[in-house]
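The values are calculated or read from the model by the stated rules, or taken from the named source; none is laboratory data. Because the structure is a prediction, the values reported are computed rather than measured. So basically every Cβ, Gly included, is an ideal-geometry build from the backbone, and we count neighbours across all protein chains shown. Each accessible area value is taken on the protein alone, full model and side chains, heavy atoms only, with ligands, DNA and RNA left out. Shrake-Rupley method; radii C 1.70, N 1.55, O 1.52, S 1.80 Å.
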Amino acid sequence: MSAKIVPIIRKEFIHISRDFRTLVIIILLPTFMLFLFGFAINMEIQDIDMIVLDHDKSPTSNELIRAFEGSEFFTVWHFSGPVSQLESFFSKRDARMILIIGPDFSQELYRQHRTNVQVLIDASDPNAAQAIRNYSNVIFQSFNAKKTPPAGFDIEPTIWYNPALKSAYFFVPGLATIILIMISAILTSVAVVREKETGTLEQILVSPIRPFEIIIGKVIPYIFLAFVDLVIILTLANLVFDVPFTGSLVFLLFASLIFIFLALSLGLLISTKAKTQQVAMMIALVATLLPSIMLSGFIFPLSSLPKVLQVISYAVPARYFLVIIRGIMLKGNTFTQLLPEISVLLAMGVGLMMISVKKFKTTLEV
C-alpha cells in the first residue's frame, strides 16, 4: 500500500471515532432496522378470528371444527344465529373467515364420501385472504384424508430449504442486503462533501497525492466498518431469527466484499456531486432504499412486475446480491452456481469506481 494512503486512512478512522452521528449509523441503525423490519415484515398470519355456523351438529362436524380449533392459525367462535347476520362480522372486522356447515354434512359424507361446506373469507386484504385460504385448505385436506377411502397412492410433498415456511428465512437475508447497501452508500456519500464543508479539502488538494489515492484511502475504513455491520447482521439473524446458514461463510464474506465495494463506489459518486452532507445522504437514501425494496425481489417476485420495471431491475445491485446471500445461507450454493451474479456486481462496482475517480478529478480541476 502506498505510504500516501495510510495517513488518509488514519485520518478517516479518527474522524469516525469522534463523530457520534457516524457511530450511530454504523452500529445502532443496522440493529434497529433488522429488529424493526425482521419482526414487522411477516407473511405468517396467526390468531385469525373465524366464525363457525354448524347446522349439522354431529360428531363429524364437531371433528372438523376441532381441527380448526387445534390449529395455531385460527381462533374459532361459534355462532347459532341467522345467516343474514353473518355479513356484520366482516363489516365490523370481528372475523376474517366464516365456515358454514350444512345440515346434511355427516350424512352426505357417509353415503357419498363427498360433501360441501361453505367458506367465506374477507378479501379486503388480498394477500391475507390468500394466506387464510391456504391455511384452511391444509386443514380440509387433512380432514378428508382421514374420512375418504384411501387413494391408490399418497402424495407427500417435501419442502426444501424452509420446511417450516418461516417468513424470517426469506426476509432477513433480504434485510441484510438492503442495510448493507444503504449504510455503505450513506457513509461514503458524505466523505468528500464533509471535506468541502469543513474546509479541509484544500489541504488535501495541495498535498502530493492523486485523486484515486484519496478515494482509496477513504474507502478502506468504510469497507472495514461495513464488515462490522455484516457480522452484526449475520449474528442477529442466527441468534434472534434462527435463520440457518448452510453454505460457506468464507464465500459469503467474499461476495459481500464485492457488494460492499459496489455500494461504497455508489456513495463516493454521490459525494462528488452533492453540495452538502444532508443532500448527499438524501440522495444515497433514495438511490438505495426504494429500488432495493421495490425492484430487487425483496418482497415482490420480479416476475410479477410489469415488463418495464423488470428491465429496470437489472440495474439494481440488490437484485443480484439477494440471490447470492439467500443462495448461500439457505441452499448452500457454490461459487460456480453464483458466478453470473458475482460477475455483474463486480462489473458494476468497477464501473462506478472509475466514474467516481473521474468525477473527483474533474472536481479537483474546478
Work out, step by step, the length gained on full extension between residue 212 and residue 197: first 0.36 nm times the residue separation, then minus their alpha carbon distance; give nm to one decimal. 3.3 nm
Explain nothing, just the number: relative contact order of the range 208-344, from Cα pairs under 8 Å at least 6 residues apart, as a whole percent. 30 percent
Return the aspartates and glutamates within reach of residue 275: Cα separation strictly under 16 angstrom, same-chain partners fewer than 8 residues apart disregarded; answer none if there are no such residues. 195, 197, 202
Beyond 19 Å (Cα-Cα) in this structure, taken from 4/273; 166/307; 307/331; 218/273, we find 4/273; 166/307; 307/331
So for the range 33-120, averaging the separation of alpha carbon pairs under 8 Å that are six or more residues apart and normalising by length, what relative contact order in percent results? 35 percent
Hey, got the Cα dimensions of the range 1-63 along the principal axes, in Å, largest first? 86, 25, 11
What's the center-to-center distance, using Cα atoms, between the range 99-134 and the range 53-92 in Å? 10 Å
Cα gyration tensor category, rounded, prolate or oblate, for the range 289-332 with a/c compared to 1.5: prolate
Can you check what the net charge comes to around residue 326, using other residues whose Cβ is under 15 Å from the Cβ of residue 326 (Lys, Arg +1; Asp, Glu -1)? +2
May I ask you to order 98-107, 339-348 by the average number of other C-beta atoms within 10 Å around their residues, highest value first? 98-107, 339-348
Write down the percent of antiparallel bridges among all DSSP beta bridges whose residues are both part of the chain, to the nearest 5. 35 percent
May I ask you to derive the FRET efficiency for residue 253 and residue 116 from their Cβ-Cβ distance with R0 = 51 Å, giving the value to the nearest 0.05? 0.35
Farthest toward the dipole's positive end in the chain, which of 299, 132, 98, given Cβ charges of +1 (Lys, Arg) and -1 (Asp, Glu) about the Cα centre? 299
Let me know the charge dipole size of the chain about its Cα centre in debye, to the nearest 20, where only the beta-carbon of Lys, Arg (+1) and Asp, Glu (-1) is charged. 1560 debye
With the full set of protein chains in place, find how many percent of the accessible area of the range 198-334 is carbon and sulfur; take the probe as 1.4 Å. 75 percent
Which angle between 0 and 90 degrees, to the nearest 10, do you get for helix 211-239 versus the longest principal axis of the chain when only C-alpha atoms count? 30 degrees
Rel. contact order, % - alpha carbon contacts under 8 angstrom, at least six apart, the chain: 20 percent
Could you provide, to the nearest whole Å², the per residue accessible area of the range 164-315 with probe 1.4 Å? 42 Å²
Only helices counted: for the chain, with every DSSP H run of 4 or more residues adding -39500 (n - 2.57) and the sum spread over all residues, [θ] at 222 nm is -20000 deg cm²/dmol
Please get the size of the charge dipole for the range 25-143, origin at its Cα centre, with Cβ charges of +1 on Lys and Arg and -1 on Asp and Glu, quoted in debye to the nearest 20. 140 debye
